[in-house]
Amino acid sequence: MVTTQSSEFSLPTVLNSGREEDLAALWGRVRFAEVTEVDGSLVASLDSGGLAMLLSGLELLREQGLALRILSPSPALRAARRAFRLGERLPFDNEHKDDEIPPVELGLRLGELLVALGHITDDQLESTLSLHRERPDSMIGQMLLEQELVDEETLARTLCLQHGLPFVDPVNEGVLDVSLRLDIPFADLRVHGILPFLRLRDTVAVALKDPADVYATDSIRRNTGLSVITTVAPPTSINAGLDALQRALAARGLAPEQKADDGVGAEERLNEVIVNAIIAGASDIHIEPRDGSYTVRYRVDGALLDASKVGSESGSSLTARIKVIAGCDISEKRLPQDGRIHFKDRHRDVDLRVNTLPTVHGEKTVMRILDRTAKAIELSRLGLKGNGLAWLMHGIRQPHGLVLVTGPTGSGKTTTLYSVLDEIVTPEINVSTVENPVERTVDGVNQTQVNQKAGLTFGSCLRALLRQDPDVIMIGEIRDRETATIAVEAAQTGHLVLATLHTNDAPGAATRLIQMGVEPFLVASTLRTVMAQRLVRKLCESCKRPVTLAAEVTRRFADEGLAQSGTTFAATGCAACRTTGYDGRRAVFEVMRVDSTIQDLIAANPSSVEVRAKALASGMVSLLHDAFDRVNIGMTTLEEALRAAGTSH
């Protein structure tokens, strides 16, 4: 027999019921070549059906006298084996022996075990126990988390040692089967921290935040009649997994429908609307009056989806409740109003930017969801690459000058600027921002929110900031001549200025500033780097399918970087992606470095077409080319690339 490891003998990247043909083809090649090992490093995720197919295939090969091992098993495969204690049923190479289920540390309490492992000190444990005597209803582990003496993963792994259970993070390790339906109320699962994640025949694997909670496993057994096998996971992962299960349930039309007038109070209804929006991964909530009813819609991955419908009276009460807690004038229904809500519910902590607008059927309300717990993404992980990343990094490392991020509303410009701030902020420099609104607080940065009613405009705030001895200034948006002039003057007088601007592409930023009234020679001397960006929807890895493009299409876009193989991927739709075919969004970029030749051109007051031609000649990669790069690697579809960046070339 042959021992080999090659792409020809690799398990699929996704193991689910839709990959049955791929697995069958692999087993056929294995039998024909009589190999004894297959590569498991590419398996990013698996569900219950995929695990069952894998085990059945391996068993069939064993019956035929071919004992197969999996080389370099991925985290998903290792997690599945740990969860179900599969041992030799899922044989790995010798470097990955089944030694990840820890022995039970008999007799040691959680705090003592944390001390023994060196995670906390005796003094820290004693102070926590003293605090526990004052708050006897609180759990020791939770109190340690609140004091930030341990993190969630450390606590979960220590609980594994205490109880002799495996650690499995279903969401991050790719073993959450969102098609599971066990008819257990989500409220019960959330209260007790239970995440069912895989099923194998009559056994369901669950992750627990507290393995000492005996109700958790008993409730699963009582409600399902299945055997239960337990693992331990961090609470944040459990909550994220339950959100994913609930989203998938709603996409299949199995979530309970909200009646038009079901007697629910405005406060309870608002909480439900907000929580469901967060669970759905929405960026905005729309509450729209219609003729005789109100429709609630969520914007998810850039598209609006109907969530529920309520009667006219209930919708009016809901709108009034929003206006009250957002600080709006409840009696004023003829004019638009702005407000803000801080919403906190267990592990959820968000700000909601509220705007109301009169319509013919009543007041429409839109709430933008701003996650207070979200952290900035590292610049290197945004998707920038090659010269684009190098040019942006060079621009933000300059002691002075103007760096712009451009694009339409909702294209992720502010997210990028927060990532830039995280990259450059140090204790040695003074960084100040002017924003409307402040979407995320950043440590070490002085952030100011514009207040038009009080007279605190972008212009007045910027003039004040220049007397605050700043090194770096971030402007939420350059929207008029006054703001543009002050930004350019600040960049010219020794400050690094970061700002957003609404233009279709990167080269258009220079001409937009000139059109706003800034002298061309000032734009040329201060502008360092301009980056345009868009968001494209990312294909769902569980259900995307290969397609062959027409030769005419590949020829048409050959110069823009579309691969000439003609093979790409299309959206299908499954439980994992709420039947949309897409799961999340990714940014595509166009970065223009303002070198000496482009500076000379800008000083001559050129058209945006002239600047673009010069930038492309200097090595700039267009938005469309960057989007096609994502198509070529199977991240998104041709349609998404053209939708997001098709007008930029």
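The values are calculated or read from the model by the stated rules, or taken from the named source; none is laboratory data. It should be emphasised that the depicted structure is a prediction, and the values quoted were computed from it without experimental measurement. Cβ coordinates were reconstructed from backbone atoms using ideal geometry, including for glycine residues, and neighbour counts include every protein chain displayed. These accessible areas exclude ligands, DNA and RNA; they are computed on the full protein's heavy atoms, side chains included. Shrake-Rupley method; radii C 1.70, N 1.55, O 1.52, S 1.80 Å.
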Inset, instruction - Give me the pairs, please: first residue somewhere in region 320-340 and in contact (Cβ under 8 Å) with a residue 12 or more places away in the chain, second residue anywhere and β-branched (Val, Ile, Thr) and open to solvent by 80 Å² or more (accessible area, probe 1.4 Å), beta-carbon distance under 7 Å, and either six or more positions apart or on two chains. - result: 320/330; 323/330
Legend entry - Set 426, 457, 416: member being closer than 26 Å to residue 481 by Cβ, surrounded by fewer than 21 Cβ atoms within 10 Å (Cβ to Cβ) and among the hydroxyl-bearing types (Ser, Thr, Tyr): 457
Inset, instruction - State all residues of region 354-388 that are over 30 Å from residue 273 (Cα atoms), in contact (Cβ under 8 Å) with a residue 60 or more places away in the chain and of a type in the set (A, V, I, L, M, F, W, C); if no residue qualifies, say none. - result: 382, 384
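Would you point out the residue of region 551-569, among those that are surrounded by fewer than 16 Cβ atoms within 10 Å (Cβ to Cβ) and among the small types (Gly, Ala, Ser), that is farthest from the chain's Cα centre (by Cα)?
551
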Legend entry - Condition broken by residue 361, with the remaining ones in (1) of a type outside the set (Phe, Trp, Tyr); (2) at pLDDT below 90; (3) surrounded by fewer than 16 Cβ atoms within 10 Å (Cβ to Cβ) satisfied: (2)
Inset, instruction - Kindly check whether there is at least one residue in region 460-471 that is under 24 Å from residue 525 (Cβ atoms) and open to solvent by less than 10 Å² (accessible area, probe 1.4 Å). - result: yes
Inset, instruction - Would you mind telling me which numbered condition in (1) open to solvent by less than 20 Å² (accessible area, probe 1.4 Å); (2) in a helix (DSSP H, G or I); (3) over 30 Å from residue 542 (Cβ atoms); (4) among the hydrophobic types (A, V, I, L, M, F, W, C) residue 320 fails? - result: (1)
Inset, instruction - Go through region 329-351 residue by residue and tally those that are open to solvent by less than 20 Å² (accessible area, probe 1.4 Å) and over 28 Å from residue 146 (Cα atoms). - result: 1
Inset, instruction - Within region 266-277, identify whether any single residue is out of contact with any Asp or Glu (no Cβ under 7 Å at 6 or more places or on another chain), outside any helix (DSSP H, G or I), open to solvent by less than 30 Å² (accessible area, probe 1.4 Å) and at pLDDT 90 or above, and answer yes or no. - result: no
Inset, instruction - Name the residue, out of 155, 159, 200, 195, that is touching a residue at least 60 places away in the same chain (Cβ under 8 Å) and within 17 Å of residue 80 (Cβ to Cβ). - result: 200
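Every residue, every condition in (1) modelled with pLDDT under 90; (2) not acidic (Asp, Glu), yes or no:
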residue: 156; (1), (2): no, yes
residue: 165; (1), (2): no, yes
residue: 169; (1), (2): no, no
residue: 176; (1), (2): no, yes
residue: 181; (1), (2): yes, yes
residue: 187; (1), (2): yes, yes
residue: 192; (1), (2): yes, yes
residue: 196; (1), (2): no, yes
Inset, instruction - Quick one: in region 152-178, of everything that is assigned to a helix (DSSP H, G or I) and among the charged types (D, E, K, R), which residue is farthest from residue 232 (Cα to Cα)? - result: 173
Inset, instruction - Considering every residue within region 588-597, establish whether at least one is open to solvent by less than 20 Å² (accessible area, probe 1.4 Å), in a loop (DSSP other than H, G, I, E, B) and under 28 Å from residue 251 (Cα atoms). - result: no
